[in-house]
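One structure below.
The values are calculated or read from the model by the stated rules, or taken from the named source; none is laboratory data. Because the structure is a prediction, the values reported are computed rather than measured. Neighbour counts are summed over all protein chains in view; Cβ atoms, including those assigned to glycine, are modelled from backbone coordinates with ideal geometry. Heavy atoms of the whole protein, side chains included, go into the accessibility calculation; ligands, DNA and RNA do not. Shrake-Rupley method; radii C 1.70, N 1.55, O 1.52, S 1.80 Å.
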Amino acid sequence: MKNSQKNDNASEELDVTPHSMSTKPNLKGDRSNLFLLILLYILQGIPFGFSTSALPIILQSKKVVTYGEQALLSYILWPYSLKLFWAPLVDVHYVQWIGKRKSWLLPVQYLTGIFLLYAANNINDWIPETGKPNIVALTCVFFVLNLLAATQNIVVDSWALTMLKKTNVGYSSVCSSSGFAIGIMFGSVVPVLLTSEDFYNKHLRITPGVGGIMTLERLLFICGIVFILVSTLIGIFKREKDTRLEDNYAQLHVTNSYKLLWDILTLPNLRVLLIALLTMKVGFSAMRNSLLYLKLVDAGVPKDDIMVLTTAMFAVKIVTPFAVSKYTSGPKPMSVCLKSMTIKLIWSLTYIVFVYFTPMIIYRNGELNVPIYYYLILGLINAISEALSYIMLVAITAFFSRISDSRFGGTYMTLLNTVANFGMTYSTSIGLKLIDFLTFKKCSNDSSNNCSTLDLFNSCETNGGDCLITVDGYYVEIIICVFIGFIWIGVFRNTFKNFQTKSSSYWMVYVNRQSEENVEVSVDTCSK
């Protein structure tokens, strides 16, 4: 009780507010910084997009790669889930004359460029025209590339907190959302299309030829040169602010770097926020566009058409953050997020109607014939859904930027983003698993057979029957999720509105310097 009172008094007496939560943004003098941040996030998204989409598709198109080998390749994305383990090191260890963030950014980006050049030099051996690809080599190299990209994410997220003016830190979420989406598009769509002989012959060549617009080797080489060139220009022309001149500057020793993470977790307000982030996406478990696409493929919609539509949605992901930046970068980003959540929950009910009527629309006299207006409606539903999702993402990331302690921005932002991403990941997995549980079937020629097990399913087919769905779990789950989503909003609405009005001192870790050689992080004391 005494320590808690001391902490409250410290907050009142020393309002170490890096920015006022109610101050309106002003972009004058920050436009070049915004451009640089967008560029850095684009570069960060390229290895991620290539790893998540382009590389698996290119390998699968060879028709000599098993799903087990694709599973091995999926390990290359693990650094994004594990980056919290080395985020404190990024905050604590640096070379002062280079700059707190440039000390990490420059070597990370140079190494990324070097590994891309190495990959370009060997990619034709790893993915030969004929024969088995070298999955182990691809996994090792692109694991390192994503390790570097994840580290760059820590650095850029934290640098944005000090690169931009205190009133403009909310715009960092616009840069990260749009820039990362552009990077993913370049890394995923461009390599597949530019190296595709079929795409080039069908859409760009007058007479059919051999090969795509460029080879994968050339594309990786260009990316490597771009990384090295951008790193060189940043090293020469971009000066980093000396954080030692700021109020409440703190330099931690090696032994304190991970204690910092624990002390951030002990902040009372942060614990409530983390609980909210872990449960925030449960109400959207059945509303992922990827799950909608699976239902449409089951209904008979061609998967190639859905891939084209997925690519088109990148435009929405890129444009939306800029379109709503005026509102998400303002003093009340969580109010924008809560309103978007409410609209998205209601909008999700259109999924039920659309999926239900899909078979009636795309089939004519038993023949698959998807009309153009069907894709227009699907595009509209997806565009609105993606826009609402990105408004929520940009708003909550802007909130993270406003409350994060800029002295330890890498650790703080990484912690918040990791928890938010985990909340989305586990809720999506639960959503997929529950559909089968909530779906009820019965055999068409045996009402006592509910087809609930593989044996009962086989028994029905053996006797000449079909397992017919009587209750579709997808529809049931959407209704349940909408109900859960509104409960979450009811529970946390006032909490978030209260959070966004608090001074940033409520979110800071206070530093007590007891000696020049021993620096301890404490939430109970404040440096004087």
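The one condition from (1) open to solvent by 60 Å² or more (accessible area, probe 1.4 Å); (2) under 20 Å from ALA286 (Cβ atoms) that TYR475 does not meet is (1). Of the helices (runs of 4 or more DSSP H) lying entirely inside the stretch 323-412, those containing at least 3 residues that are at pLDDT below 90 and farther than 20 Å from ILE478 by Cβ span 325-328, 372-403. Checking each residue in the stretch 351-369 for being open to solvent by 40 Å² or more (accessible area, probe 1.4 Å) and closer than 29 Å to LYS281 by Cβ picks out VAL353, TYR356, PHE357. Screening ILE154 against (1) part of a helix (DSSP H, G or I); (2) touching a helix residue (DSSP H, G or I) at 6+ places or on another chain (Cβ under 9 Å); (3) open to solvent by 10 Å² or more (accessible area, probe 1.4 Å); (4) β-branched (Val, Ile, Thr) leaves a single unmet condition, (3). Select, from SER32, SER61, the only residue that is over 20 Å from VAL141 (Cα atoms), under 27 Å from the mean Cα position of the chain (by Cα), modelled with pLDDT under 80 and open to solvent by 70 Å² or more (accessible area, probe 1.4 Å). After ruling out the rest, the residue left standing is SER61. Filtering the stretch 429-443 to residues that are surrounded by fewer than 18 Cβ atoms within 10 Å (Cβ to Cβ) and either part of a helix (DSSP H, G or I) or at pLDDT below 80 (or both) leaves SER429, ILE430, LEU432, LYS433, ASP436, PHE437, LEU438. Report yes if ASN450 is open to solvent by 20 Å² or more (accessible area, probe 1.4 Å), farther than 30 Å from THR167 by Cα and touching a Lys or Arg at 6+ places or on another chain (Cβ under 8 Å), otherwise no. So ASN450 passes the test. Within the stretch 361-384, restricting attention to residues that are farther than 14 Å from TYR293 by Cα and polar (S, T, N, Q), which residue is nearest to the chain's Cα centre (by Cα)? Among residues in the stretch 361-384 that are farther than 14 Å from TYR293 by Cα and polar (S, T, N, Q), the one nearest to the chain's Cα centre (by Cα) is ASN369.
Looking only at the stretch 99-135, filter to residues that are in contact (Cβ under 8 Å) with a residue 60 or more places away in the chain and β-branched (Val, Ile, Thr); which one of those is farthest from PHE408 (Cα to Cα)? Checked the stretch 99-135; the qualifying residue farthest from PHE408 (Cα to Cα) is ILE127.
The number of residues in the stretch 89-112 being more than 18 Å from ILE76 (Cβ to Cβ), within 29 Å of the chain's Cα centre (by Cα) and surrounded by fewer than 22 Cβ atoms within 10 Å (Cβ to Cβ) comes to 10. For the stretch 124-132, does any single residue satisfy the condition of being open to solvent by less than 10 Å² (accessible area, probe 1.4 Å) and at pLDDT 85 or above? Checking the stretch 124-132: not a single residue is open to solvent by less than 10 Å² (accessible area, probe 1.4 Å) and at pLDDT 85 or above.
Quick check on the stretch 307-317. Is at least one of its residues in contact with a Ser or Thr (Cβ under 8 Å, 6 or more places away or on another chain), of a type in the set (S, T, N, Q) and either surrounded by fewer than 20 Cβ atoms within 10 Å (Cβ to Cβ) or without any contact (Cβ under 8 Å) to a residue 24 or more places away in the chain (or both)? No - not one qualifying residue is present in the stretch 307-317.
For SER505, all conditions in the list (1) modelled with pLDDT of 80 or more; (2) under 29 Å from GLY330 (Cβ atoms) hold save one; what is the number of the exception? With (1) modelled with pLDDT of 80 or more; (2) under 29 Å from GLY330 (Cβ atoms) applied to SER505, the lone miss is (1). Residues in the stretch 31-49: is at least one among the aliphatic types (A, V, I, L, M) and not in a helix (DSSP H, G or I)? For the stretch 31-49, residues among the aliphatic types (A, V, I, L, M) and not in a helix (DSSP H, G or I): absent.
Scanning the stretch 257-300 for residues that are surrounded by fewer than 19 Cβ atoms within 10 Å (Cβ to Cβ), of a type in the set (S, T, N, Q) and more than 19 Å from the chain's Cα centre (by Cα) yields THR266, ASN269. All of TYR80, TYR110 fail the test of being within 24 Å of LEU416 (Cα to Cα) and touching a helix residue (DSSP H, G or I) at 6+ places or on another chain (Cβ under 6 Å), apart from TYR80. Quick one: in the stretch 137-151, of everything that is farther than 30 Å from ILE403 by Cβ and touching a residue at least 24 places away in the same chain (Cβ under 8 Å), which residue is most open to solvent (accessible area, probe 1.4 Å)? Selected residue: PHE143.
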